[in-house]
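Remarks on the structure that follows.
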Amino acid sequence: MTRRPDLRSLRNRAVFITGAASGIGRATALRAAADGARLYLTDLRAGDLEQTVAEIRASGGQVDYFRAGDISDYETVRAMGEEITAAHGAMDVVMNIAGISSWGTVQSLDHARWRAMVEVNLMGPIHVIETFLPPMIDAGRGGHLVNVSSAAGLIGMPWHAAYSASKFGLRGVSEVLRFDLHRHGIGVSLVCPGAVATGLTETIDVAGIDTTAPRFAKARAHFVKRAASPDEAAVAILRGVAKNTYWVYTSFDIRLAHWAQRMVPPAYVLAMRAFNAGANRALPEVGRARRPELDRTTAAS
Ligand SMILES: NC(=O)c1ccc[n+]([C@@H]2O[C@H](COP(=O)([O-])OP(=O)(O)OC[C@H]3O[C@@H](n4cnc5c(N)ncnc54)[C@H](O)[C@@H]3O)[C@@H](O)[C@H]2O)c1
């Protein structure tokens, strides 16, 4: 049984982060660098990744390695992992932060969207885990794994079926690994952000909806207004690593929703129905078809 290392400080710890070019990943990389971590960074977007690296180095932070790549491509992740492990050894902390978001009703979600969610948001982290965790176990120093899921990995948000497929999947992987990895001294954090004001809010793709329409822009503005900042999310993630916390929330609303789902299921069902009805009112062109047989089901069903 390996003891988990003290990760209250990341000084000199090797930290691998996906999605480091933008949003939560970028903010987490900046914070980890300020805490003295040695960083290993990747993202799909080469130019933005270079900018993050330049910013970290300009402020005295240490980036030992960075490379642009697609986490949904197993060979890419494997090559990156082999290169990093051969040159620098095993990681102390691995963070799966990269992700994409696509929503839509079941009538409008096409196959490409369903598949993209699973390939990037679920298979991506799996590629990282299967590449980076065995060397971490072999090194025998313990460490920590961070998987960024979502509120959509906890609750049934409107039009999130494809996104939730990936985020509940990542939650399943995390739920097993939190116990499997314990004896290797490796902690696991499952991060469940609610709204966070990042580039993702600009790039969310909603099947069958013109996301440039004023009605959608209004809904997005509302989302951004009540959103946490990427830096607040980064602080919550690094606190989760420091304290070895499994459930990591970045805002109180999602902590409350998760609590209500488990403790007061009928209230959860009523709230989600209201949420769904509200969403459909905001975008009436989506999913208004009524199914009377469903309307008759009880709130606790
Ligand atoms: N922003 C939110 O409101 C919110 C809410 C819940 C969960 N999340 C999750 O947080 C994580 C970070 O998202 P964010 O909000 O910072 O968004 P973001 O768009 O700012 O950052 C995501 C990063 O992932 C990278 N990426 C996307 N596909 C990739 C691929 N195939 N390979 C490598 N890199 C890829 C992007 O280039 C981008 O830099 C995601 O997993 C997202 O699902 C975000």
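The values are calculated or read from the model by the stated rules, or taken from the named source; none is laboratory data. Bear in mind the structure is a predicted one, so any value in this text is a computation, not a measurement. Quick reminder, even Gly has a Cβ in these numbers, built from the backbone with ideal geometry, and neighbours come from all protein chains shown. Areas reflect the complete protein model, heavy atoms only, side chains present, ligands, DNA and RNA absent. Shrake-Rupley method; radii C 1.70, N 1.55, O 1.52, S 1.80 Å.
The set of residues from region 101-122 being among the basic types (K, R) and outside any helix (DSSP H, G or I) is empty.
What about V77, is it touching a strand residue (DSSP E or B) at 6+ places or on another chain (Cβ under 9 Å), farther than 27 Å from V118 by Cα and either part of a helix (DSSP H, G or I) or away from the ligand (no atom under 15 Å from the Cβ) (or both)? Explain how you work it out, then say what you get.
Working: touching a strand residue (DSSP E or B) at 6+ places or on another chain (Cβ under 9 Å): yes; farther than 27 Å from V118 by Cα: no; either part of a helix (DSSP H, G or I) or away from the ligand (no atom under 15 Å from the Cβ) (or both): yes.
No: the conditions fail for V77.
The set of residues in region 147-166 that are surrounded by 24 or more Cβ atoms within 10 Å (Cβ to Cβ), within 16 Å of the chain's Cα centre (by Cα) and either away from the ligand (no atom under 13 Å from the Cβ) or not hydrophobic (A, V, I, L, M, F, W, C) (or both) comprises N147, S149, S150, G153, Y163, S166. Of the residues making up region 51-63, those that are within 21 Å of V128 (Cα to Cα) and surrounded by fewer than 24 Cβ atoms within 10 Å (Cβ to Cβ) number 2. Output the residue which, of all residues in region 19-64 that are part of a strand (DSSP E or B) and within 7 Å of the ligand (Cβ to nearest atom), is nearest to A242 (Cα to Cα). Out of the qualifying residues, it is T42. Given the condition near the ligand (Cβ under 9 Å from one of its atoms), part of a strand (DSSP E or B) and either without any contact (Cβ under 8 Å) to a residue 40 or more places away in the chain or within 22 Å of V15 (Cβ to Cβ) (or both), answer yes or no: does some residue in region 88-100 qualify? Yes: one or more hits.
Restricted to region 213-228, and to residues that are without any contact (Cβ under 8 Å) to a residue 40 or more places away in the chain and either assigned to a helix (DSSP H, G or I) or hydroxyl-bearing (S, T, Y) (or both), which residue is farthest from P193 (Cα to Cα)? Explain how you work it out, then say what you get.
Filtering region 213-228 down to residues without any contact (Cβ under 8 Å) to a residue 40 or more places away in the chain leaves 213-214, 217, 220-228.
Now restrict to residues that are either assigned to a helix (DSSP H, G or I) or hydroxyl-bearing (S, T, Y) (or both): 214, 217, 220-225.
On the way: P214: 26, A217: 21, R220: 16, A221: 18, H222: 16, F223: 13, V224: 13, K225: 15 Å.
Residue satisfying both the conditions and the ranking: P214.
Of the candidates E119, E202, the single residue that is out of contact with any helix residue (DSSP H, G or I) (no Cβ under 6 Å at 6 or more places or on another chain), open to solvent by 10 Å² or more (accessible area, probe 1.4 Å) and closer than 26 Å to A279 by Cα is E202.
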